[in-house]
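Comments concern the structure below.
The values are calculated or read from the model by the stated rules, or taken from the named source; none is laboratory data. Just so you know, these numbers come straight off a predicted model, no measurement behind them. Glycine also receives a Cβ, built like all others from the backbone with ideal geometry; neighbour counts cover every protein chain displayed.
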Amino acid sequence: MTPPPIVSDQEWRRARAALLHKEKQLTRAQDALAAERRRLPMVHVTRTYRFDGPDGPAGLPDLFEGRGQLIVYSFMWHGAGDFCSGCSMFVDNLGHPAHLHARDVSLALVSTGPLAEILPYRRRMGWDIPWYAAPDGAFNHDMGAGDGFALNVFLRDGEDVYRTYTTTSRGVERLGSNWTLLDLTPYGRQEHWEDSPEGRPQSAPYQWWRLHDEYGS
């Protein structure tokens, strides 16, 4: 294991200032991209989707919980006993929903598994985000998740719902704070694909991920 080189405080500050300049450029680029995202057109969702929720059957407008905007994460479901560690890590990273609610945004999870399997796992993980079952798979298929995962954003006007944004793969990963926090450390995510100096610890991606109660000590 090779740690970063040791330099004087003055040298470190110069190197840090050079990197900070690039970080600020990236921040401005991300702000510009977010501004472009806010100007995306939207598409009317005309299909009727049926979900099973803790309070009974629900349609897509019900997932808004009376708010005007909705973020839905399609949580990959392979059945009880084969829970997706990546989706679970993503949900672990989601903060208290009150901050989203203050901006008229609701957040919900959707899976193709049955509610009878979903709710016990939700309790095990200690999550309180609303989680709905959509066993027929139609919603996941139409929203780009298929048998995998995706994140979609919707806007509501009365009973009319519009799809405004979607992302999956590393677009979802970018939203999780565990990954972004690891990117700040000298050893990074410690995965083979990363461009790291020789001698830094690295292993296969995905394989080190665990459910948060399976890491042990």
**Report entry** Any hit, the stretch 39-51, residues being more than 22 Å from the chain's Cα centre (by Cα) and over 21 Å from R163 (Cα atoms)
**Finding:** no
Report summary line: Subset of the stretch 138-194, residues in a strand (DSSP E or B), without any contact (Cβ under 8 Å) to a residue 60 or more places away in the chain and of a type outside the set (D, E), comes to T166, T167
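Within the stretch 19-34, count every residue that is under 19 Å from L175 (Cβ atoms) and either outside any helix (DSSP H, G or I) or not acidic (D, E) (or both).
7
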Report summary line: Exactly one of D52, D62 is surrounded by 11 or more Cβ atoms within 10 Å (Cβ to Cβ) and either touching a helix residue (DSSP H, G or I) at 6+ places or on another chain (Cβ under 6 Å) or outside the structural domain of N140 (by TED's automatic domain parsing) (or both), and that residue is D52
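Residues that are modelled with pLDDT of 95 or more and over 18 Å from the mean Cα position of the chain (by Cα): find the helices (runs of 4 or more DSSP H) completely inside the stretch 76-134 holding 3 or more of those.
Qualifying helices (runs of 4 or more DSSP H): 115-125.
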Query raised in the report: On the given criteria, is V172 among the hydrophobic types (A, V, I, L, M, F, W, C), within 22 Å of T48 (Cα to Cα) and in contact with a strand residue (DSSP E or B) (Cβ under 9 Å, 6 or more places away or on another chain)?
Result: no
**Report entry** Filter pass, T168 being surrounded by fewer than 16 Cβ atoms within 10 Å (Cβ to Cβ) and either closer than 23 Å to T27 by Cα or in contact with an Asp or Glu (Cβ under 8 Å, 6 or more places away or on another chain) (or both)
**Finding:** no
Query raised in the report: So which residues in the stretch 1-18 are closer than 28 Å to E191 by Cα and either among the small types (G, A, S) or exposed (fewer than 10 other Cβ atoms within 10 Å of the Cβ) (or both)?
Result: M1, P5, I6, A15, A17, A18
Requested in this report: Name every residue in the stretch 73-118 that is loosely packed, with under 15 Cβ neighbours inside 10 Å, in contact (Cβ under 8 Å) with a residue 24 or more places away in the chain and hydrophobic (A, V, I, L, M, F, W, C), in order of residue number.
Outcome: A80
Report summary line: Residues of the stretch 1-60 being among the β-branched types (V, I, T), without any contact (Cβ under 8 Å) to a residue 24 or more places away in the chain and either over 30 Å from A138 (Cβ atoms) or touching a Lys or Arg at 6+ places or on another chain (Cβ under 8 Å) (or both), in sequence order, are I6, V7, T27
